[in-house]
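Everything on this sheet refers to the single structure shown next.
The values are calculated or read from the model by the stated rules, or taken from the named source; none is laboratory data. If you're wondering where the values come from, they're calculated on a predicted model, not measured in any experiment. Don't worry about glycine lacking a Cβ; one is built from the backbone with ideal geometry, like all the others, and counts go over all protein chains shown.
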């Protein structure tokens, strides 16, 4: 992902191909399989260490209180005796219902929108490209983590990074928007000055004639 965002497409493809060749090699197959399974059987691995079975029970509990939920930071403890349901979004849906879930998603959707709008398009500085790359990659990592684990829905260390990304992505978009009109205005003023200079030169030629 970092290589793709950094526009090192050839290097990313090369590493992907090499990794694929190594993965399918018969000599490395057993080693890779044991490394990925980490002592689990295939059934446990395909169920994400039993998460999918747990999530079906969580969805059943959500159906009993879909609007306001079972209670913030309490639903999974009371119903399942667990500190988390291993999914940020299912936990919010279970505890706060659809109402709280929509409120929770609002800043997340806004952040995705800000990152997309501030993407490096056209001629921008290397510094801006690097800053956008950091924001996008950091957000991608946290978002992927949030799909199958607790993150920024509670007092988790990822909440700090999530808050920073919210602020930085918003400010970065503001800076980008503020910089674009200045560049266009500078180009326009240069063009106007050139046009004025041409008119003056034409006027001076007429006077001389």
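Below, the figures for the structure above:
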| read-out | value |
| --- | --- |
| Residues that are over 13 Å from residue 5 (Cα atoms) and within 15 Å of the chain's Cα centre (by Cα), drawn from region 105-140 | 105, 106, 107, 108, 109, 110, 111, 112, 113, 114, 117, 118 |
| Among residues of region 26-35, those that are surrounded by 10 or more Cβ atoms within 10 Å (Cβ to Cβ) and either in contact with a helix residue (DSSP H, G or I) (Cβ under 7 Å, 6 or more places away or on another chain) or at pLDDT below 70 (or both), counted | 3 |
| Odd one out for residue 102 among (1) at pLDDT 95 or above; (2) within 17 Å of the chain's Cα centre (by Cα) | (2) |
| Flag for residue 143 being buried (at least 16 other Cβ atoms within 10 Å of the Cβ), at pLDDT 90 or above and out of contact with any helix residue (DSSP H, G or I) (no Cβ under 6 Å at 6 or more places or on another chain) | yes |
| Residue list for region 146-169, restricted to those being crowded, with 16+ Cβ neighbours inside 10 Å, assigned to a helix (DSSP H, G or I) and touching a residue at least 24 places away in the same chain (Cβ under 8 Å) | 146, 165, 166, 168, 169 |
| Region 8-27 residues that are closer than 26 Å to residue 129 by Cβ, paired with ones that are surrounded by 12 or more Cβ atoms within 10 Å (Cβ to Cβ) (beta carbon under 7 Å, 6 or more apart) | 11/3; 12/3; 12/4 |
| Count of residues meeting criterion [free of Cβ contacts under 8 Å to residues at least 40 places away in the same chain, surrounded by 15 or more Cβ atoms within 10 Å (Cβ to Cβ) and part of a helix (DSSP H, G or I)] in region 115-128 | 0 |
| In region 62-74, the residues that are surrounded by 12 or more Cβ atoms within 10 Å (Cβ to Cβ) and either farther than 15 Å from residue 150 by Cα or modelled with pLDDT of 90 or more (or both) | 62, 65, 66, 68, 69, 70, 71 |
| Residue satisfying condition, being farther than 21 Å from residue 151 by Cα and either touching a residue at least 60 places away in the same chain (Cβ under 8 Å) or in a helix (DSSP H, G or I) (or both), within set 59, 3, 90 | 3 |
| Residue match in region 39-48 (condition: modelled with pLDDT of 75 or more, more than 27 Å from the chain's Cα centre (by Cα) and in the same structural domain as residue 142 (by TED's automatic domain parsing)) | no |
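Residue by residue, here is whether (1) in a helix (DSSP H, G or I); (2) assigned by TED's automatic domain parsing to the domain that holds residue 157 holds:
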{"position": "20", "(1), (2)": "yes, no"}
{"position": "34", "(1), (2)": "yes, no"}
{"position": "72", "(1), (2)": "no, yes"}
{"position": "79", "(1), (2)": "yes, yes"}
{"position": "96", "(1), (2)": "yes, yes"}
